[in-house]
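Taking it in order: structure first as structure tokens, then the write-up.
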Amino acid sequence: MAIPWTPALAIGVPEIDHQHQELFVRIERLVQGIGKGNAPDIEHLLEFLSQYVESHFGAEERWMLRSAYPEYSRHKGEHERFIRDYDQMTREFQEKGPGVLSGIRMNNWMATWLVQHISRSDMELGRFLADKIASGDLDGP
Ligand SMILES: [Fe+2]
Ligand SMILES: [Fe+2]
């Protein structure tokens, strides 16, 4: 049950679009890993995805700072909430074992969050950056 990245989710900044595609790939691997139920593998996949999520959020936040994006705090707040929820889920997994993780639930939660976040908040950022680049206020990617 792969979560598809589609061109409709492209925000127009190649670095960020590439990272979004990679996020979907890593979520898919995690969901498959949960399906197999091997705890050390799941632990590794959770960590593998978490590192990528953090570096991706960091990349977007750098774009926001460079462009003096007015919605920086709100957008960063959404990222922080996701990281908190993800960490909470990881802790539950570490305390209670793979039984607490359901691949379907995880897939639904992340797919919904990611698609909504990309199509609203990241898209809004993409439009802002495109305007700034077009008006010569910001160097292009
Ligand atoms: Fe993003
Ligand atoms: Fe974002």
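List of remarks:
- In the stretch 84-126, residue nearest to ligand 1 (Cβ to nearest atom) [restricted to those that are charged (D, E, K, R) and surrounded by 12 or more Cβ atoms within 10 Å (Cβ to Cβ)]: 122
- Flag for residue 75 being out of contact with any His (no Cβ under 7 Å at 6 or more places or on another chain), farther than 17 Å from residue 111 by Cβ, loosely packed, with under 15 Cβ neighbours inside 10 Å and not acidic (Asp, Glu): no
- Filtered residue count, the stretch 56-71, keeping only those that are assigned to a helix (DSSP H, G or I), touching a residue at least 24 places away in the same chain (Cβ under 8 Å) and within 15 Å of ligand 1 (Cβ to nearest atom): 6
- Failed item in (1) under 13 Å from the mean Cα position of the chain (by Cα); (2) modelled with pLDDT under 95; (3) not aromatic (Phe, Trp, Tyr), with residue 81 passing the rest: (2)
- Among the residues of this structure, residue 129 counts as one that is in contact with a helix residue (DSSP H, G or I) (Cβ under 8 Å, 6 or more places away or on another chain), buried (at least 17 other Cβ atoms within 10 Å of the Cβ) and assigned to a helix (DSSP H, G or I).
The values are calculated or read from the model by the stated rules, or taken from the named source; none is laboratory data. Because the structure is a prediction, the values reported are computed rather than measured. All Cβ positions, even for glycine, are placed from backbone atoms using ideal geometry, and neighbour counts span all protein chains on display.
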